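Input: a single structure, listed below in structure tokens.
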Amino acid sequence: MALLSRKGTLFLLFLFSIFLLSASASNGSGEEEEEFWEELLLKPLPDRKVLSHFHFQNEAPLSDSFARHHHLFPKSIAQLVKKFHIKAMELSFTQGRWNYERWGGFDPISSHNAKPPGVELWAVFDVPPHQVDASWKDLTHALSGLFCASINFLESSTTYSAPKWTFQSALGSLRYGTLPREAVCTENLTPWLKLLPCRDKAGLSALMDRPSIYKSFYHSQRLHLTQAKTGANPKNSRVVLEQTLTVVLQPNILTGGTNYVSEAKMQPSWSLSSIFGRKINGRCVLAKSSNVYLQVERGLVTQLENLQSSTATFAANGTNLDDFGRNVGFELSVNPDRVLKEVEKSSSILYEYPIKVHKDSEQFDLGITWKHPVIWSTPHVPLYASRFLMGSGNERGAIAICMKSTESTQELVAANYVDQRCNFQVNVLQIVPWYIKVYYHTLQLFVDEKPQILTDFVERMHVSPSEDKVSPGLMELVLKLPCEVKSAVLNIEFDKGFLHIDEYPPDANQGFDIPSAIISFPDFNAGLQFSDNSLSKTPMLSKLQERSPVISYTEVLLVPLTTPDFSMPYNVITITCTVFALYFGSLLNALRRRVGEEERRLNDKGGKKDALLNRVLGKLSSKFRGRSSVSSQPSSSSSSSLISPKLILRVLLVAGIAVAWQYYS
Amino acid sequence: MEEISNFPLNPEPPEEESPQSQMHESTPDRKTMRTTKPGIKRLILSLTVLFSFIIGFPFLWKSIEIYRAPLPFDRIESFSSQLESDPLHFPCRFQAIFVGFDFSASRGLGPNDVAAAITRKMSQLNPNSSRCGNCIGGDYDVSVVIDSGSSCAQTEGSEAKCPLKCGEVVFGGKLSDEDFDEMLKRCLGNVGGGGKGYSVVVFNGDKEEGEVRAVVGKYRHAWVLGHVSEDEAVSRTAEIFARVFMNAGSEGNSIRSEFMPVGADGRIVLSFSLLNAEPQDWIYDWSFHEIDKTLLHPVIQALQPIANITVESQVLYYTPKSSFSYWDDIHGSHIFSTKDLPFFLNSNEWHLDTSVAAGGRSKVLQLVVYIPSAKECPLQLELPNGDLSKTNGFISPMWGGVVVWNPESCVKDLESKDPDRRVISPQNLQKLFEVLMGQLRQLLGLKSDNLYVGQSGAYILLGSERGFTEWELDVLSGKHVCFNLHSCATTLGSLSRLVQSLPRMIIIDEIGKQVKFSLEAAKFAQSYASTGIYNASAVSSRQARSLVEDAFFHPSIMSISYYSFEHCFAIYSPFFLPVTMHVILAALREWKRYKQENRKYLAWKAKERIVS
């Protein structure tokens, strides 16, 4: 370290005059500033678990100094956006599988944050079509370095594809890829946290206690980039960076307070400190707003209302759920500042708790204590989709996507009863790696367990067949299903391909993953509608109210492929070489042979003492050559044995084996 | 296959049979004699196989050979040795103008003698002039103009106008240093066409004028004003030439010239970070946009020939320093000493991430402004001698610099709920950036002082609003070319050593090409430098360096695919070992047999002859 000179007066004389401009803050009309919000949504789930959903939003204007000078917005992300001309991007790291049956599939949280296991990345680029692939490749490498993950494996053209209809309509410039087997851990979370201005030093992110987050049932960390336009001027657009972390946790059961019902039926009571092991010490001072929400679902509200009406005392009081936490079902430890109610009749309720600035004395610890056992169900996806493999063996198989109707579809039928032909749209996106050779002509559709003609139900179809070692196969279907459908099954057959020995992963025997299929329902809207719309909208609320299609992912399939013996090349080389050597040696010997002379010598030696050994050898050799040559006259037979077709046959056989071996190895 | 099917048709055995039956009658001794010439079919066959093996061997060897692009090892060797023995030099011209002196009258010296005296003095002052990037050592191109008022003499080949036209102006009015500098620039112009021309003007004043004032301007001029003797004038001139213009006032105590924080692609990213150690206390922001426009832009423009500079900035929060500081009553502040500096940077919490936009091999220089928390405010750096540092900052060579900036009032507003958000005032920011620019100058190997004290007096160094004066930039770009060529030579050397030490490593054509082009670019850089075409030299040297770095970090080298000989042996030996044994044995046996049989035949022949 070199110290600056003691004669500290620097002799740089800069222009003083120009600089007396007022700071740039003066022209900050709100549009020009970078903003940051932090929010947390908590929701009890029917299967005694708790969903916690962290939402951080960072916005920066897309001005000249974007990607160069930043105050809150992460510089690294801004530079990515600028360098690769990203219009929109989403990257998610997920561990565990979202349980659509129990945790719901018809709400904004699940359709935005339920992601396939591993890494999923899609990006829309603002570049000419021929540069999109190059940008994608660079982006995967940059992200891989940024998030300490093997996203760079998405660089290979066999791993990504360009779907048309499933995501936002960005024709040609969208790329989509997944890595189903990527393990997600703290090394991915830390760089993600680094993008937040407060990191996990203060504010809601301080709750993220690594052990409790990673022992969750479902863990999905997401980064979503979009460009939002504000006003008519296209130059006024802002870059919006959403970072969400969705965790499904099992709260530790707090003992005590429940003496009249057996604990097994009760929902576990929990608090922030019991599920995360920490309390909120204060907001991140840089955040524009910092809120915690507690969502009570539609089903639970209905149940509680039923319960309330059956309990006489409360009915007399006329209290409802708006009266904070003083209802039959549960009690809240902190009174909310605001209660948001959905417009519809049986609607979900949202309690809002703004977080104050840090004070040593008070810590925020929201808790919920259940007083009465309640059983409810979450809103389900219109069609519950599952995917499985059929067939056995290492040669061929079939993929089936099975969609079963749930109560949402029944509601739809009820709602549209007047309409005679009620249909709804289902988009299916299925991407298969090239070594699963799908025969698209074998695509079959069963509606209500009866085989149907595809064209009756498929409105549009986009297939790009896989090319060996170049691109994966992609199939996009737009189905129009009748509302009263009970089940729909898509079935497609495939052959398992062979990989080159270098292409197998280290754990080849485990099998190969087929990425999740995406089933989306554009006719259904997952957004919630809250009554007091006029009030200030935080990003979380606007996200919950956003009209967005319902999306669900199917399971990842594990396909076992034939795995070779990896020492095979050496064995083949060695055996081939040995066979060749044998063949060559015997050929040479045969060519050099002088039959007449040998016989003469044999005859000469016949009378001698050591003939015994020779005789034995001769016998052995004669036996070896075939039983036919039993005649005691070897002189006549030996010459004929040379010409005999047997020898030729034998030599040919050896040569044939050798050639065959060489050919197949 | 064909040979086999032909084999039984081979008429030899019957042939052999018949003479033998004949021999039975004529000569009973079959073991020692034979009547026919021995057959050579089998011999030819086995020898053909053997020879075809021998001939085929080179083809096999060729087919399993590893492709290695030829690298010019000898040229690499000669390039680095040449750079070692004959460092790069730029031609410089020095011009000394003495106004109001009369050397011929007082000493009897002509302008040529004065020039020789200056050269001598310069060599004394600058003994290690052979350093790379310097002016051509030994014989400096010094021209002298002596204007004694009445007469004017000059060395041959001098381009300056004689007598100096602007002499009267100097003594006429009191000019500020800046104006004087401009005036000199106007009337001297740029000395010399190619290369760098430096000039020193010595004005001999009256005795009453008092102190001698020596100023080095921001262009390539310096002047000495006041009453000086002839000897002093000569020595001062020589000192300005040798010490200031050629070495930028550094005497080797600052950063070594080998370190030039420029990336291999010729780029520097200046990454400014404002660190709020504890945002709960106060949050400071800056209007970096304005600074970028007004202060940094001219600097970047000035440094254009040396490096392509980009600027970016960010504000980070919750970034405590990792060293401790203590309260000192005497200074009334928290103190961290120079011993703590290695621990000041907190790499766990300071996410001064490397720029994504820079990519590749750009050099990122971190310039950090640290705002202490209320607990440790004000925070001052104590120098080893007990004084407080005026700049309150330090640099770490090749990494960047840190400045601690204390808010005006260290009292935290306890009443307000929200932490106060403040913006660093433009005046403060201006001061801060002067310190940061000084740090940048030091990182580049220049002095951050405006005074140079030499043997024969002090010299005021005029600053430029661009941060770097022209003569400083000359020194820097000389250093830059040198640094590039040196690192190019070192990288080439290591590349050639690596390649030679691994004889079975694949070297693709591209690497060979890159090495070739790099050597060519280096040659160009040298030739441009010797003719004094500066920018071209800088460009070529940068190119040479980046090309060789490209070659060295080529992915195919990074993943050294080393196909070992053992591997090759293991694959081919199962075939070749048994087969060659067969072939050689067969050939040997046949040869032996042929000789034996031939001897028999000869014996029979001899016998026949005797018989006949």
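The values are calculated or read from the model by the stated rules, or taken from the named source; none is laboratory data. Treat the numbers as computed from the prediction; the structure is a model and nothing was measured. Backbone-built Cβ (ideal geometry, glycine too); neighbour counts: all protein chains shown. Heads up: the accessible areas ignore ligands, DNA and RNA and are worked out on the full protein's heavy atoms, side chains in. Shrake-Rupley method; radii C 1.70, N 1.55, O 1.52, S 1.80 Å.
Descriptive notes on the structure:
- Condition check for B:Glu608: open to solvent by 70 Å² or more (accessible area, probe 1.4 Å) and either within 60 Å of the chain's Cα centre (by Cα) or on the phi < 0 side of the Ramachandran plot (or both): yes
- On inspection, A:Ser157 passes the criterion of being within 30 Å of A:Val426 (Cα to Cα) and outside the structural domain of A:Ile519 (by the TED database).
- When the criteria are applied in full, A:Leu146 meets the requirement of being open to solvent by 20 Å² or more (accessible area, probe 1.4 Å) and either more than 15 Å from the chain's Cα centre (by Cα) or at pLDDT below 90 (or both).
- Entirely in the range A:28-127, the helices (runs of 4 or more DSSP H) that have 1 or more residues that are closer than 30 Å to A:Leu332 by Cα: A:100-103, A:108-113
- Residues that are open to solvent by 50 Å² or more (accessible area, probe 1.4 Å) and of a type in the set (Asp, Glu), drawn from the range A:532-585: A:Glu546, A:Asp565
- Restricting attention to the range A:313-362, the residues being open to solvent by 70 Å² or more (accessible area, probe 1.4 Å), modelled with pLDDT of 70 or more and part of a loop (DSSP other than H, G, I, E, B) number 6.
- Subset of the range A:490-530 [open to solvent by 50 Å² or more (accessible area, probe 1.4 Å), within 30 Å of A:Glu546 (Cα to Cα) and not in a strand (DSSP E or B)]: A:Gln529
- Among the residues of the range B:397-445, the ones that are part of a loop (DSSP other than H, G, I, E, B), open to solvent by 10 Å² or more (accessible area, probe 1.4 Å) and at pLDDT 85 or above come to 4 in all.
- Hits in the range B:269-286 - residues which are among the polar types (S, T, N, Q) and crowded, with 22+ Cβ neighbours inside 10 Å: B:Ser271, B:Ser273, B:Asn276
- Filtered residues of the range B:297-351 (kept if within 11 Å of chain A (Cβ to nearest Cβ), part of a loop (DSSP other than H, G, I, E, B), open to solvent by less than 10 Å² (accessible area, probe 1.4 Å) and under 30 Å from B:Ala264 (Cα atoms)): B:Phe344
- Identity of the residue in the range A:232-269, at pLDDT below 90 and hydrophobic (A, V, I, L, M, F, W, C), that ends up surrounded by the most Cβ atoms within 10 Å (Cβ to Cβ): A:Met266
- Among the residues of the range A:71-90, the ones that are basic (Lys, Arg), within 30 Å of B:Val423 (Cα to Cα) and open to solvent by 10 Å² or more (accessible area, probe 1.4 Å) come to 2 in all.
- Subset of the range A:434-482 (residues that are open to solvent by 20 Å² or more (accessible area, probe 1.4 Å), in contact with a Lys or Arg (Cβ under 6 Å, 6 or more places away or on another chain) and under 22 Å from A:Arg175 (Cβ atoms)): A:His462
- Residue within the range A:589-610 that is at pLDDT below 80, open to solvent by 80 Å² or more (accessible area, probe 1.4 Å) and over 27 Å from B:Arg34 (Cβ atoms) present: yes
- Selection of the range B:50-80 for residues being hydroxyl-bearing (Ser, Thr, Tyr) and surrounded by 12 or more Cβ atoms within 10 Å (Cβ to Cβ) yields B:Ser78, B:Ser80.
- Any chance A:Asp138 is assigned to a helix (DSSP H, G or I), acidic (Asp, Glu), surrounded by fewer than 23 Cβ atoms within 10 Å (Cβ to Cβ) and within 14 Å of chain B (Cβ to nearest Cβ): yes
- Inter-residue pairs, beta-carbon under 6 Å, first within 14 Å of chain B (Cβ to nearest Cβ) and in the range A:181-209, second of a type in the set (Asp, Glu) and open to solvent by less than 10 Å² (accessible area, probe 1.4 Å), 6+ apart: A:Gly203/A:Glu38
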